[in-house]
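Everything on this sheet refers to the single structure shown next.
Read-outs throughout are calculated quantities, based only on the coordinates presented, and are distinct from any laboratory measurement. Nothing here was measured: the structure is a model prediction, and the numbers come from that model. Heads up, the Cβs are rebuilt from the backbone with ideal geometry, glycines too, and the neighbour counts pull from every protein chain shown.
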Amino acid sequence: MDRNDVDWAGYFPAVVTPFTESGALDTDTLHALIEQYAERGMHGVVVNGTCGEWFSQSVDERKAVAETAVAAAAGRMRVLIGCTSNTADNVQELASHALGAGADGVLASPPPYIKLFPNEVVAWYEDISERVAGPLVVYNWPHGTGIDIDSDLADRLADVEAVVAIKDSTPNADQFFETSRRVRDRVRVFGPYMSARGVEVLRTEGGDGFVGGGSLNGRPDPEFWENYWKGDFAPMEEYAERADRLFPKLWLPGGWAGHYGSYQAQLKALMHMLGQPAGHVRRPRLPVTDAADLATMRAVLVEEGLLQPETSRA
């Protein structure tokens, strides 16, 4: 199995998992969010990843989230389900369920906390590959796993049987673009192409897609990639200029957290401001509640044209 066995490309929001204020799983709001993404032309969604707070869910809840996402997407876009866990047995259980529910593929990082050595990372994905009867995405998430899958290691993982793609969230841009050059002949690469530097790489070398934290821009997010497929780079450059300006106003370097709260809490607060279904975070995550912080975040959205000034008041 390799990149040619799947057609995944474009913009895939990393979907938040909505919870009620009391902490219960809110599948109705999740269904509404997936519906909105489909209506706005997203090319796919990634569910139960870092944004999806998988670490706060039971196995049964993770399965319910997967089933809800597949049902809501209803074949209109690709659905990838995060199955990260600390044991291959758990990954197998979650992946078998997700694929059986109709997901297009599954995604897993190296196990959190353990901090595997390179040979152990390869063995981890080989083990998962033997257990998963479907396409597998390698998820490089250094802030959660304690390791960064560099270009040499990615090159080895690209040859693992079930691996068809890599979602690379390294904070090292030079490393990402080297990885892209090294492995795109075998696997699809999702990463920070939606930047000024990324546009130039797309123009000269190519790229597959991006998994973003939600979709703050809405329809312009998938349009970026549709313009790329048409060879229309001028609007892509305009988008990238705005994105490069917006990112440091909201997120810490490397994108692992917001300036005003955890990634999940800040993202959900921004989504509420934009009228997107998001629900609440679940403990141990805490919501962003400081009025001054919320006002600053809202002002950034207005400044960058994501909210109109006349609608900027709560």
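Structural remarks
- For A71 and D174, the FRET efficiency from 1/(1 + (r/R0)^6), where r spans their Cβ atoms and R0 equals 35 Å, is about 0.30.
- Reachable lysines from K249, criterion Cα separation under 25 angstrom, eight or more residues apart if same chain: K167, K268
- Computed over region 1-134: relative contact order in percent, which uses C-alpha pairs under 8 Å that are six or more apart: 21
- Dmax and Rg, reported as Rg then Dmax, of region 113-229 (C-alpha, Å): 14.6, 41
- In terms of overall dimensions, the C-alpha atoms belonging to region 15-131 reach 43, 32, 21 Å along their principal axes, ordered largest to smallest.
- CD proxy at 222 nm, helix term only [per DSSP H run n ≥ 4: -39500 (n - 2.57); per residue of the chain; nearest 500]: -13500 deg cm²/dmol
- At 1.002 mPa s and 20 °C, Stokes D of region 164-258 from Kirkwood alpha-carbon radius, µm² per second: 157
- Beta bridge orientation in the chain: antiparallel %, DSSP, nearest 5: 15
- Estimated inter-spin distance, E303 and A133, nm [label 7 Å along Cα→Cβ]: 5.3
- Seen from G146, the other residues with C-beta closer than 15 Å to its C-beta sum to a net charge of -2, counting Lys and Arg as +1 and Asp and Glu as -1.
- Förster radius 25 Å - calculated FRET efficiency between E200 and L252, Cβ distance, rounded to 0.05: 0.50
- Set the Cα radius of gyration of region 64-157 against 2.2 N^0.38 Å, with N its number of residues, and you get 1.09.
- For V199, neighbours were defined as the other residues whose beta-carbon sits under 13 Å from its Cβ, and their charges (Lys and Arg +1, Asp and Glu -1) total -4.
- Near A64, once Lys and Arg are set to +1 and Asp and Glu to -1 for all other residues with Cβ below 15 Å from its Cβ, the sum equals -4.
- Square roots of five times the Cα gyration tensor eigenvalues for the chain, Å: 28, 24, 18
- Region 3-260, dipole about Cα centre (Lys/Arg Cβ +1, Asp/Glu Cβ -1), debye to the nearest 20: 340
- Relative contact order for the chain, counting Cα pairs under 8 Å that sit 6 or more residues apart, in percent: 20
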